[in-house]
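Enquirer: Quick one: the structure is below, questions incoming.
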Amino acid sequence: MADPITKFAYQTFQQSKSLLGLTHKNLSTQLMRLIAPTEGEREGLSPELMSQLQASMQVLLDEDYADAEAGVYPLAQLFDTPWQDIVQQYPRLWLDMPSTWQRAREKRYQDFEPTVETDRYPSYYVQNFHHQTGGYLTEDSAELYDLQVEILFNGTADPMRRRILRPLKQGLQALARPEKDLRVLDVACGTGRTLRHLRSALPSANLYGTDLSLAYLRKANQLLSERPGELPQLLQANAEELPYQDGFFQGVTSVFLFHELPPQARQNVINECFRVLEAGGTVVLNDSIQAIDSPQFRPLMDGFYQMFHEPYYRHYMEDDLCDRLSQAGFVDIQTSNHFMSKIWVARKPIA
């Protein structure tokens, strides 16, 4: 039976994060109109679409609480938000915004300081995604990232990330193996938020994470070391060439990666996920909703790639990742939508 006090506390907690996101967006939009106006300002969302969004968000929060109550992860994980980081970084976010607006207005999409090494990365990665200063290649970017994502999604980034946990645990349990013998890889782990959720749901499993950005890996190490227990093993690596032997993992996850990859890179990463999984292993991908099955939210998706620098998102909106998973060899492919996120779950067949 649900604990009404805990559930009320969770709803209140999420409402406070949503209020932070909405307030920031309103204030920053008004300020931008004053000091960095842009031509052809987009119309606001219709009342009908706003109502659909609010209903979809509430379903997500209900799912999140239900999974915690069912023991997929501890109830305490629902309240795991880096408030200290948010308080520390919020003033820096405001200070960074004028340069972000100018970069967007001047369409400078590969704008990096001379001290930032860019030649060691694939060309598609050397971008100021979201017009953010330093792209994904600097310490400042890594410090601001989680706060930026929280604001973008009105405080629902973690509930959306946690949608991977139930299907992953179900896939791992089907292997009938002690948790301490399981190896799970998070591809493009960024600042480590998903790995933190994975550790909460799988306290005894062996966790691994890869990312192209050393700055983000350093931030991940800091975030993950705040909790007792074995640290995930983090490696700098291109997800198109994962540095692991065939069949090494029983589970592979990836969150918010594929919309920032060009089409061929998406297929290459999926192929690598298949290769490093053992037979019977499970992959769970989590990314943005798509126009192919969420047409009612198409105005939001169109606005996203128009307002932010997301060079591969327009193709991603219509890309059939089920077909890509099938091409790689995966079977039992399932999808589900959760507010602004979409989940793909698939299994590597047993020969």
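Enquirer: For the chain, set up a GNM with springs between Cα atoms under 10 Å and report which of Arg33, Arg314, Arg163 has the largest fluctuation.
Expert: Arg33
Enquirer: Assuming R0 = 35 Å, what is the FRET efficiency of Ala70 and Glu117, from their Cβ-Cβ distance, to the nearest 0.05?
Expert: 0.15
Enquirer: Which value in deg cm²/dmol, rounded to the nearest 500, describes the helix-derived mean residue ellipticity at 222 nm for the chain, given -39,500 (n - 2.57) per DSSP H run of n ≥ 4 and division by the residue count?
Expert: Theoretical 222 nm ellipticity from helices: -15000 deg cm²/dmol.
Enquirer: If you roll a 1.4 Å probe over the heavy atoms of the protein chains, what accessible area per residue do you get for the stretch 1-118, in Å²?
Expert: Result: 64 Å² per residue.
Enquirer: Continuing with this model, one more query. Taking the Cα centre as origin and putting +1 on Lys and Arg beta-carbons and -1 on Asp and Glu beta-carbons, what dipole magnitude results for the chain, to the nearest 20 debye?
Expert: Roughly 320 debye, rounded to the nearest 20.
Enquirer: Subtract the Cα-Cα distance of Lys25 and Glu48 from 0.36 nm times their separation in residues, and report this length gain in nm to one decimal.
Expert: The span from Lys25 to Glu48 would gain 6.3 nm if fully extended.
Enquirer: Tilt of helix 139-152 relative to the longest C-alpha principal axis of the chain, in degrees (0 to 90, nearest 10)?
Expert: Around 90 degrees separate the two axes.
Enquirer: Separate question: Between Glu230 and Asp332, how many nm apart are label points set 7 Å from Cα along the C-beta direction?
Expert: For the pair Glu230/Asp332, the computed spacing is 2.5 nm.
Enquirer: Distance cut-off 25 Å, Cα to Cα: go down the list Lys17/Lys169; Lys219/Lys348; Lys17/Lys342 and report the pairs above it.
Expert: Too far apart for the 25 Å limit: Lys17/Lys169; Lys219/Lys348.
Enquirer: Further question on the same structure: Quick one: if you stick a label point 7 Å off each Cα along the C-beta vector at Asp3 and Asp62, how many nm between them?
Expert: Result: 2.2 nm between the two label points.
Enquirer: Another question about this same structure. Quick one: helix 83-105 against the long Cα principal axis of the chain, what's the angle to the nearest 10°, folded into 0 to 90?
Expert: Once rounded, one gets 60 degrees.
Enquirer: Quick check: the distance between the Cα centres of the stretch 135-172 and the stretch 51-125, to the nearest angstrom?
Expert: 6
Enquirer: Hey, another quick one. With all protein chains present, how much of the accessible area of the stretch 5-131 (probe radius 1.4 Å) comes from carbon and sulfur, to the nearest whole percent?
Expert: On the stretch 5-131, the fraction of accessible area on carbon and sulfur atoms equals 58 percent.
Enquirer: By how many degrees, 0 to 90 and rounded to 10, does the Cα axis of helix 214-224 deviate from the longest principal axis of the chain?
Expert: Relative to the chain, helix 214-224 is tipped by roughly 70 degrees.
Enquirer: In the Gaussian network model of the chain, springs joining C-alpha atoms below 10 Å, which of Leu217, Leu53, Leu144 carries the largest mean-square fluctuation?
Expert: Result: Leu53 has the largest fluctuation of those listed.
The values are calculated or read from the model by the stated rules, or taken from the named source; none is laboratory data. On a predicted model such as this, the values are computed, not experimentally measured, just so you know. Glycine also receives a Cβ, built like all others from the backbone with ideal geometry; neighbour counts cover every protein chain displayed. SASA here: full protein model, heavy atoms, side chains in, ligands and nucleic acids out. Shrake-Rupley method; radii C 1.70, N 1.55, O 1.52, S 1.80 Å.
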